[in-house]
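Comments concern the structure below.
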Amino acid sequence: MEAISKSYITKEQAIEKYSFLTRNMLKNLLFKDINGFRSKVVRKLGRRIILDEEAFLLFLSRSRGNEKRE
């Protein structure tokens, strides 16, 4: 039986790993729950917030496709 492996990262690790992501941008996504970000990407471990990295990248690619083009 194969083990399901998911990669979780903290908010700080996400900010360090992805240069386009700022602390304020991530805070905005978390508190405003833009496009269901919290339910799709965020997991809570006690009081600590961790992000499902694969879901995070999928969320970004899908939300980028939904941008209004001028």
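The values are calculated or read from the model by the stated rules, or taken from the named source; none is laboratory data. These numbers come from a predicted model, not from an experiment. FYI the Cβ positions are ideal-geometry reconstructions off the backbone, even for glycines, and counts take in every protein chain you see. Heads up: the accessible areas ignore ligands, DNA and RNA and are worked out on the full protein's heavy atoms, side chains in. Shrake-Rupley method; radii C 1.70, N 1.55, O 1.52, S 1.80 Å.
Observations, loosely collected:
- The amide H of Leu21, built 1.01 Å from its N in the peptide plane, has no neighbour under 5 Å, considering only residues 5 or more places off or on other chains.
- Extension gain from Lys6 to Ser19, taking 0.36 nm per residue of separation minus the Cα-Cα distance: 2.5 nm
- Derived scalar couplings between HN and Hα for region 15-23 equal 5, 5, 6, 10, 5, 6, 8, 9, 4 Hz in order, rounded to whole Hz, by the Karplus curve 6.51 cos²θ - 1.76 cosθ + 1.60 (θ = phi - 60°), x for Gly and Pro.
- Net charge over other residues, Cβ less than 14 angstrom from the Cβ of Glu53 (K, R count +1; D, E count -1): +1
- Peptides 53-61, 24-32, 40-48 ordered by average Cβ neighbours within 10 Å, highest first: 53-61, 24-32, 40-48
- A probe of 1.4 angstrom, applied to the heavy atoms of all protein chains, finds Ile50 with accessible area near 30 square angstrom.
- Ordered by solvent-accessible area of protein heavy atoms (1.4 Å probe), largest first, the residues Ser7, Ser63 come out as Ser7, Ser63.
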